[in-house]
1. Can you tell me which residue is nearest to ligand 2 (Cβ to nearest atom) among those in the stretch 85-134 that are among the charged types (D, E, K, R) and within 26 Å of the chain's Cα centre (by Cα)?
2. For the stretch 78-98, name all the residues that are buried (at least 24 other Cβ atoms within 10 Å of the Cβ), under 23 Å from Ile140 (Cβ atoms) and hydrophobic (A, V, I, L, M, F, W, C).
3. Return yes or no: is Pro137 within 16 Å of ligand 2 (Cβ to nearest atom) and part of a loop (DSSP other than H, G, I, E, B)?
4. Restricting attention to the stretch 255-275, which residues are more than 24 Å from Asp348 (Cβ to Cβ) and open to solvent by less than 30 Å² (accessible area, probe 1.4 Å)?
5. Sort out which residues of the stretch 105-122 are open to solvent by 50 Å² or more (accessible area, probe 1.4 Å), free of Cβ contacts under 8 Å to residues at least 24 places away in the same chain and within 27 Å of Arg87 (Cα to Cα), and write them in order of number.
6. Quick one: which residue in Val401, Val383 is under 20 Å from the mean Cα position of the chain (by Cα), β-branched (Val, Ile, Thr) and open to solvent by less than 30 Å² (accessible area, probe 1.4 Å)?
Amino acid sequence: MSVACVALAAGCAGADAEPSPDGEASDIHDEDMRSNGLDGLVIVSDDPSDNPLPQLDDDWQSRFDRGDVAFEAVFRPGQGLGPVYIRHSCGSCHADDARGPGAARKMVHIEDDGMTPASDQSMFPFGHTVRPQSIDPEQIAGIDVPEPFDGLLVTSRLGPPVFGRGAMEAILDSEIERLEREQADRDDGISGRINRVSFASEANTETEFHSHQPGDEGLIGRFGLKARIATVDEFAADAYQGDMGITSPMRPDELPNPGGLEDDELPGLDIDLETVNLAADYVRLLRIPTRGEVDEAGEALFESVQCGVCHASQLKTDPDYPIDAWAGKRVDVYTDMLLHSMGRDLADAMVDGDAHGDEWRTAPLMGMRHLRSYMHDGRAATVREAILAHASEGSEANASVDAFLDLDDDEQEQLVGFVESL
Ligand code: HEC
Ligand code: HEC
């Protein structure tokens, strides 16, 4: 839903303006707006980041619309929120289905090298994720960062964009395996690998998208910044449980918490499977944002300095994927879906599935035009800063960044312009 349109309904051309679920109307991207001459009144651009795929049939359109409501719904304690949680709606960390403003913070005890997890992690009895909110702060503490100590590393992950993730689910396993093989033969340091993961939920009894069973192994991890989960529905169930404390048939248990509570104010399961599947289908049905005019010279430079090895376009999807618009296509996701060692400066020392502390899944560059902060924690304010942030000791992208810096100023600008047009 176009949260940004809200308080500004007068200017919301063609938008189905609806109040922001938690008053985050101020999270508007300046550059997306133009003044209409009325003091303080601004209009969002006509190019939203939260559109469904075009020409959906009535059934999928209805799932998208109902999923949209689920994605924006704000949960209260009586509806199963908590006992501890980070934020109370999907949309609060994925506003307009793009990045942030909400984030998940991680805490870990590291060795002197700054990126290897230490053997003793006993100071985090409830895990590495900060969940500072509690449904009853007087009675139960949230999960917060401990008093500072030597070796404590606290990092954050802004909610990444969720548009185009149907395309990422639809990509053929064989395509991702091909890229992994091709990169293994390179001699410039770029060598991504698949995060092979297990299915860590109860089975989804709606088997249209997959029929994975609890404990199934060797799946290609696709979702999460370290590609720790294989399917969109499992990610949705994980987000409900881990970010919001909401249990579902796929994730029936409340997470361990300082209050030792095994349930919240709503006894038993908090939502049904249909709600998980609606939120997942909403994500699957979000289209890749419409691109600006493609600057072919900028694109050629992007390829020439090897950005496109990791940020791969034109990946083939499964002809049998249940959503026709994604089936049997070539999709411009601009990611190889592989994990890469990105060096010491980006490392967060978190191990996700098989991913190491300095590994990240190549960020998909589709929809870049809608982002205003870059990299997992938003540390870069411009695309140029994002490119420079790829370089540090041990990064597979060091040679690519050097090659970028060897371009003359005009060429660098052209390359950046291409990325900004996506
Ligand atoms: C507290 C903030 C927060 C909330 C609330 C939240 N998310 Fe996220 N979301 C994140 C972060 C952070 C990540 C990256 C997680 C990781 O690296 O594993 C993420 C990742 C995702 C992804 C994977 C995107 C990718 O590129 O792989 C999907 C899909 C997603 N969230 C959907 C949801 C849904 C559906 C909900 C509501 C049920 C939700 N999120 C609630 C913060 C949040
Ligand atoms: C070795 C693989 C690799 C190469 C080569 C590479 N990237 Fe990346 N890129 C990544 C990974 C992994 C991330 C995510 C890192 C993070 O979030 O901390 C990323 C993130 C980005 C982002 C931020 C995206 C976002 O969602 O915030 C941009 C922009 C980007 N890369 C552009 C480029 C450009 C331009 C080049 C060529 C100069 C390039 N990359 C080369 C792997 C690579």
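The values are calculated or read from the model by the stated rules, or taken from the named source; none is laboratory data. Predicted model, so just to flag it, every value in this text is computed and none were measured. Backbone-built Cβ (ideal geometry, glycine too); neighbour counts: all protein chains shown. Surface accessibility is based on the protein's heavy atoms, side chains included, excluding ligands, DNA and RNA. Shrake-Rupley method; radii C 1.70, N 1.55, O 1.52, S 1.80 Å.
1. Taking the stretch 85-134 and keeping what is among the charged types (D, E, K, R), we get 87, 96-97, 99, 105-106, 111-113, 120, 131.
If we keep only those that are within 26 Å of the chain's Cα centre (by Cα) as well, we get 87, 96-97, 99, 105-106, 131.
Numbers: Arg87: 20, Asp96: 14, Asp97: 13, Arg99: 7, Arg105: 15, Lys106: 13, Arg131: 22 Å.
Per the criteria, the residue is Arg99.
2. Those that are buried (at least 24 other Cβ atoms within 10 Å of the Cβ), under 23 Å from Ile140 (Cβ atoms) and hydrophobic (A, V, I, L, M, F, W, C): Leu81, Val84.
3. Numbers: within 16 Å of ligand 2 (Cβ to nearest atom): no; part of a loop (DSSP other than H, G, I, E, B): yes.
When the stated conditions are applied, Pro137 does not pass them.
4. Taking the stretch 255-275 first, the residues more than 24 Å from Asp348 (Cβ to Cβ) are 259-275.
Asp264, Asp270, Ile271, Leu273, listed by residue number.
5. Across the stretch 105-122, the qualifying residue is only Ser122.
6. Details: Val401 fails: under 20 Å from the mean Cα position of the chain (by Cα).
Val383 is the lone residue from the list that is under 20 Å from the mean Cα position of the chain (by Cα), β-branched (Val, Ile, Thr) and open to solvent by less than 30 Å² (accessible area, probe 1.4 Å).
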